[in-house]
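Visitor: Starting off with a structure, shown below.
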Amino acid sequence: MTETGSLLGRAATIGRVLAKQGLKARDARTPRERAKALRGALEELGPTFAKLGQILSTRPDLLPPEFIQELASLQDHVPPLTEEQVVGVMEAELGVPWEDVFASIEPTPLAAGTIGQVHKATLEGGARVVVKVQRPDAEEQIMRDLGLMELFAEKVEGRDALSSIIDLPAAIAHLSSSLRRELDFRQEAANCERLREVLQPFDHLEVPAVHKQLSTARLLVLDLVPGGPIKEAPQGPERKDAARQLLESFYRQILVDGFFHADPHPGNLMWSDGKIWFLDVGMVGEVEPRMRELLVLMILAFWQGDTGFLAEVVLLLAEKVPPDLDVPRFEAELDEVVAKYRGASLQEIELGPLMQGITELAGRHGVRLPASLALTGKALAQMQLATAELDPTLDPMAVASKFLLRDYLRKTFSGADPKRLFYEGRKFSTRVTRLVEAVETLSGARPGKAFQVEFRGTAPLEATIRVATRRLALAGLSAAAIVGASVTAAASAVDEWVPLTLGSAAAVLSTILLEELLRR
């Protein structure tokens with residue numbers, strides 16, 4: 001009964017705040033006025049709702065631009081924990097008095113947020129660390145509010161007045177997933193370890209080490225990194241190298257590893273001892289392999305100014321495409337987004353805002369893009385701001401093009417295994433053969449149900465198809481042999497006979513194809 005009463009009381013509070021801000025189904029105010037009202041309501045309703053606003057500000061696919069801009073400045077006003085509360089959580093997680101582990105803890109917090117509070121501390125051995133302590137009532141409050149939000153989303157789903165502003169069920173689902181991960185500090189510890197592996201190739205990028213034996217679901221202990229904001233890095237080659245590595249690392253994180261820091265604003269980056277340190281790895285994004293491939297195509301299509309193909313890639317990325325989508329209009333509006341960058345210098349091109357613009361456009365047309373794409377756009381935008389502080393002359397597209405080319409060559413030549421090349425060649429040959437057999441069966445040249453069409457005054461269609469498929473097979477096998485010869489010739493670990501054999505095969509197949517074309 002007490003729990004039910006608490007839920008009803010909280011629901012009544014939410015209703016009163018929304019009514020006070022004038023948020024109702026029929027609202028004649030401008031989008032900007034409604035956005036301000038929503039921001040005021042979320043701030044008043046407390047930490048969970050403030051977190052909802054902060055997460056929504058990263059999702060231009062779920063909210064109009066006016067709401068995104070307003071919510072981006074939303075702050076979670078939470079009172080700092082008392083010293084007794086901090087010690088209580090620490091001792092509950094450690095299982096021993098805090099003095100058995102720590103020599104001292106600074107009482108003034110470095111930061112106080114919706115879920116946790118951060119303090120500097122010193123371990124018994126003298127090591128300087130940062131301690132992140134979860135608020136004692138954070139999980140209870142957040143789970144209660146999430147339950148009410150999910151219930152509300154079910155009740156209002158399908159109402160045109162609200163769905164025209166926000167896809168509430170999708171927003172609540174995204175918030176719930178994000179907050180549940182952030183409530184478990186072990187997830188952030190795992191993020192730190194994984195990001196450190198991703199950043200290994202970059203000597204100017206680093207992540208603070210985790211004290212695993214002291215970290216739990218509600219307590220996170222990290223090495224303290226003494227330093228300052230990245231803008232205070234001393235001028236010189238080291239600063240410029242770090243800026244280039246920061247930019248390139250995000251291309252690697254997103255396009256190769258599929259795991260990236262989703263909130264790299266300058267406040268979460270620190271300069272210390274010639275390195276950029278990534279802080280607060282609670283919010284990360286993941287990109288599955290198929291989406292990574294499409295993202296590369298998206299960047300290349302934009303680079304080439306091919307709006308038609310760019311539209312195709314965006315629709316391939318989509319989780320949902322309306323059956324009545326006006327594709328020509330979609331392409332025309334996409335061309336307007338891309339047109340802003342035509343004639344711009346490389347350093348004027350911003351991939352983050354471009355991707356955010358594409359996401360907003362898709363949302364207006366009812367095209368649902370993956371949440372990770374919106375996070376990717378936001379992360380790229382923030383990262384580019386950070387690199388601009390370090391080196392304003394850095395060309396983002398130049399770094400991107402060099403990275404993509406180098407990554408392509410690495411994938412091509414590092415994997416030049418003769419056995420795999422032979423396997424891929426045989427697989428390609430088999431697929432071409434099956435295609436030929438299928439077409440011949442369809443034309444009646446092979447046993448099986450044939451598809452017969454006859455045109456008077458012309459050669460039988462089946463003969464034409466046989467000739468065409470034969471040429472297709474010859475061209476495909478010749479191309480495969482040429483590629484195989486090129487790759488194996490560039491690989492030092494492959495015997496000389498392999499590229500010679502493949503090259504000879506390519507020459508023979510090409511000669512047969514040429515003779516076939518000339519003879520007919």
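Visitor: Against the condition modelled with pLDDT of 85 or more, among the hydrophobic types (A, V, I, L, M, F, W, C), crowded, with 20+ Cβ neighbours inside 10 Å and on the phi < 0 side of the Ramachandran plot, how does L224 come out, does it pass?
Guide: no
Visitor: Which condition breaks for L297 when tested against (1) hydrophobic (A, V, I, L, M, F, W, C); (2) touching a residue at least 60 places away in the same chain (Cβ under 8 Å); (3) closer than 30 Å to E331 by Cα; (4) open to solvent by 20 Å² or more (accessible area, probe 1.4 Å)?
Guide: Here L297 meets the rest and fails (2).
Visitor: Can you confirm whether segment 323-335 contains a residue that is touching a residue at least 12 places away in the same chain (Cβ under 8 Å) and either closer than 30 Å to L179 by Cβ or hydroxyl-bearing (S, T, Y) (or both)?
Guide: Taking every residue of segment 323-335 in turn, none turns out to be touching a residue at least 12 places away in the same chain (Cβ under 8 Å) and either closer than 30 Å to L179 by Cβ or hydroxyl-bearing (S, T, Y) (or both).
Visitor: Is it the case that S249 is of a type outside the set (V, I, T), open to solvent by less than 30 Å² (accessible area, probe 1.4 Å) and over 22 Å from the mean Cα position of the chain (by Cα)?
Guide: For S249, the condition - of a type outside the set (V, I, T), open to solvent by less than 30 Å² (accessible area, probe 1.4 Å) and over 22 Å from the mean Cα position of the chain (by Cα) - is not met.
Visitor: Could you tell me which residue of segment 355-372 is least open to solvent (accessible area, probe 1.4 Å), considering only residues that are modelled with pLDDT under 80 and under 16 Å from M298 (Cα atoms)?
Guide: Across segment 355-372, the extreme among qualifying residues is S372.
Visitor: Kindly evaluate V156 against the criterion of being open to solvent by less than 40 Å² (accessible area, probe 1.4 Å) and modelled with pLDDT of 95 or more. Explain how you work it out, then say what you get.
Guide: On the way: open to solvent by less than 40 Å² (accessible area, probe 1.4 Å): yes; modelled with pLDDT of 95 or more: no.
So V156 fails the test.
Visitor: Only residues that are aliphatic (A, V, I, L, M), under 17 Å from the mean Cα position of the chain (by Cα) and part of a helix (DSSP H, G or I): list them for segment 174-205, please.
Guide: Those that are aliphatic (A, V, I, L, M), under 17 Å from the mean Cα position of the chain (by Cα) and part of a helix (DSSP H, G or I): L175, L195, V198.
Visitor: Going by what's in this entry, would L246 be described as within 27 Å of E288 (Cα to Cα) and in contact with a Pro (Cβ under 9 Å, 6 or more places away or on another chain)? So that I can check it myself, show each step before the final result.
Guide: Numbers: within 27 Å of E288 (Cα to Cα): yes; in contact with a Pro (Cβ under 9 Å, 6 or more places away or on another chain): yes.
Yes: the conditions hold for L246.
Visitor: Can I ask one more? Going through V131, V118, V89 one at a time, which residue ends up being closer than 14 Å to V221 by Cβ and either of a type in the set (F, W, Y) or open to solvent by 20 Å² or more (accessible area, probe 1.4 Å) (or both)? Reasoning before the result, please.
Guide: Details: V131 fails: either of a type in the set (F, W, Y) or open to solvent by 20 Å² or more (accessible area, probe 1.4 Å) (or both); V89 fails: either of a type in the set (F, W, Y) or open to solvent by 20 Å² or more (accessible area, probe 1.4 Å) (or both).
After ruling out the rest, the residue left standing is V118.
The values are calculated or read from the model by the stated rules, or taken from the named source; none is laboratory data. No experiment lies behind these values; they were computed from the predicted model shown. Using ideal geometry, Cβ is built from the backbone for each residue, glycine included, and neighbour counts are taken over all protein chains shown. Side chains included, ligands, DNA and RNA excluded: accessible areas come from the protein's heavy atoms. Shrake-Rupley method; radii C 1.70, N 1.55, O 1.52, S 1.80 Å.
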